[in-house]
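The values are calculated or read from the model by the stated rules, or taken from the named source; none is laboratory data. Just so it is clear, the structure is predicted and the values come from calculations on it, not from any experiment. No Cβ is skipped: glycine too gets one built from the backbone with ideal geometry, and neighbour counts run over all protein chains shown. SASA here: full protein model, heavy atoms, side chains in, ligands and nucleic acids out. Shrake-Rupley method; radii C 1.70, N 1.55, O 1.52, S 1.80 Å.
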Amino acid sequence: MKIGCPTEIKPQEFRVGMTPDAAREAVNHGHQVLIQKDAGMGSGFSDEDYTTAGAHIIATAEEIFATADMIVKVKEPQAVERKMLRPDQLLFTYLHLAPDPEQTHDLLESGCTAIAYETVTDDRGGLPLLAPMSEVAGRLAPQVGAWTLQKANGGRGVLMGGVPGVAPAKVVVIGGGVVGTHAAKIAAGMGADVTVLDRSLNRLKYLDDVFGRDFKNQYSTAGATLDLVRQADMVIGAVLIPGAAAPKLISRAQLSEMKPGAAIVDVAIDQGGCFETSKATTHGDPIYNVDGVMHYCVANMPGAVARTSTIALGNATMPFMLALADKGWRQACADDPHLLNGLNVHAGQLTYYAVGKALGIDVVSPSLAVKQ
Ligand SMILES: NC(=O)c1ccc[n+]([C@@H]2O[C@H](COP(=O)([O-])OP(=O)(O)OC[C@H]3O[C@@H](n4cnc5c(N)ncnc54)[C@H](O)[C@@H]3O)[C@@H](O)[C@H]2O)c1
């Protein structure tokens, strides 16, 4: 198969769909890998890294879209890229179609087959191609929160780990899923006094069994949350209710009960955020002040650490990318129901029920589409 990887063109996107290691694996499997010139630069991979791995460097995205059998990317194809997709072409990338009727329409019109990273599943009911970005955002949250807490940035001037004789920062993590667990691990590792809140008793049991010595956990009620948030130096928002906007757990009025200069890192901002006062910010201008509380609400946190994020995403996508290239998408999806769950679009038909429901478009069963 000819596998093409164009440079990402969405603003502020520095990741790349294939690492040199992924390219090498594909070449070892007998495939031809086409990488757009400088596609890896934002993640610290040079064209030479790719040619050493056996890939070919191609000058333009147009040439890649014109010749590749499969396009491997990070972000959803932009309008100019969608125009270049071909009916016999396979697209493997994040799509997030439900809130995006324009993109959905263009993909259906292109006739391509599109497999979305975010809907591929695993045996434990997880989303293995979303999890790496949650891990990155979770581990980054205490790091950016610690920076936000510094006096020069408007924070309380509290050191995460304290020093002998001075208490460490109190960190509250709301939501103990992938983001929350990784945030709590790092905050505890920095020496902070950490409590994680969750609404799932099973999750709390897991956190207690595995991390009981590193951080505390508590059942998430409105009262418990407010009580902890009042005492906190830093609050990390990490809740998710699948398919819904994040619940607003702290109101504007409750914000004024927080300590002056406390830091909020609302990782759930991509789902609207779990504080009433949260609004999305960018890496260029990440923090703002409401009633003396500093808010960090960057919607694409993994972009700050593009190299780590690219490698983490590449590790997760590579086995699926190789299966698609080795077997062709029909056989690969027929063999693996989790990869089949990733099928969103085929030959002008929508094949993912939740997207069809959100956009009012008829859906063809993915298992039927594989046989067409
Ligand atoms: N800003 C970014 O760059 C970025 C990056 C990755 C993920 N995210 C977002 O982070 C959020 C968390 O993602 P995740 O992968 O950890 O999800 P997850 O499903 O693994 O975890 C969410 C947790 O929230 C808990 N929860 C739900 N309602 C709650 C409540 N009222 N109180 C306390 N806990 C509650 C759930 O029980 C679950 O354990 C999502 O909104 C995700 O989109 C943002």
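For L228, what charge total do you get from the other residues with a beta carbon under 14 Å from its beta carbon, if Lys and Arg give +1 and Asp and Glu give -1? Numbers along the way, then the final one.
Details: positive: K170, K216, R230, K259; negative: D193, D198, D227, D233, E257.
Value of the local net charge: -1.
Restricting the calculation to alpha carbons of the chain gives Rg and Dmax of 22.0, 70 angstrom. The range 284-356 and the range 126-149 have Cα centres separated by 15 Å. Helices of the chain meeting both criteria, an alpha-carbon length of 27 angstrom or more along the long axis and an average Kyte-Doolittle score not below 0.0, with helices taken as full DSSP H segments, are 306-327.
I need to check one value: relative contact order of the range 329-372, counting alpha carbon pairs closer than 8 Å and at least 6 residues apart, in percent. Could the numbers behind the result be given before it?
Working: 43 pairs, mean separation 15.3, N = 44.
RCO, the range 329-372: 35 percent.
Shape class for the range 163-314, computed from the alpha carbon gyration tensor (a ≥ b ≥ c): rounded, with a/c under 1.5.
For N341, nonlocal amide neighbours, meaning residues 5 or more places apart or on other chains whose placed amide H falls under 5 Å from its own, are T121. Taking every DSSP helix (H) stretch of at least 4 residues in the chain, weighting each as -39,500 (n - 2.57) and dividing the sum by the residue count yields a mean residue ellipticity at 222 nm of -10500 deg cm²/dmol.
Rolling a 1.4 Å probe over the protein heavy atoms gives the range 259-372 an accessible area of 42 Å² per residue. Looking at H96, H56, P366, which one has the Cα that reaches farthest to the positive end of the dipole of the chain (charges on Cβ: Lys, Arg +1; Asp, Glu -1)? Final value for the positive-end residue is H96. Short-range pairs are left out: with C-alpha atoms under 8 Å and at least six residues apart, the relative contact order of the chain is 17 percent. With Cα atoms as the point set, the range 45-96 shows a radius of gyration and Dmax of 12.1, 34 Å. Here's how it looks for V293: its modeled amide H is under 5 Å from those of G261, which are all 5 or more places away or on a different chain.
Which number do you get for Rg(Cα) / (2.2 N^0.38 Å) in the range 72-128? Can you show the working numbers first?
Working: Rg = 11.8 Å, N = 57, 2.2 N^0.38 = 10.2 Å.
It is 1.16.
When only Cα pairs below 8 angstrom with a gap of at least 6 residues are kept, the range 168-292 shows a relative contact order of 24 percent. If you take all other residues with their beta carbon under 13 Å from the beta carbon of L350, and give Lys and Arg +1 and Asp and Glu -1, the sum is -3.
Could you order peptides 76-84, 115-123, 258-266, 15-23 by the average number of other Cβ atoms within 10 Å of their residues, highest first? Intermediate values should be presented prior to the final figure.
Working: 76-84: 17.0, 115-123: 19.6, 258-266: 24.0, 15-23: 26.3.
Most protected by this proxy first, the peptides run 15-23, 258-266, 115-123, 76-84.
Show me the ranking of peptides 171-181, 229-239, 284-294 by mean Cβ neighbours inside 10 Å, starting with the highest.
Details: 171-181: 26.9, 229-239: 24.4, 284-294: 15.4.
Result, highest mean first: 171-181, 229-239, 284-294.
Taking the Cβ of C297 as the centre, find all other residues whose Cβ is under 14 Å away and add up their charges (Lys, Arg: +1; Asp, Glu: -1). Walk me through the numbers before you get to the answer.
Numbers: positive: K248, K279; negative: D266, D270, E276, D285.
Surrounding charge for C297 is -2.
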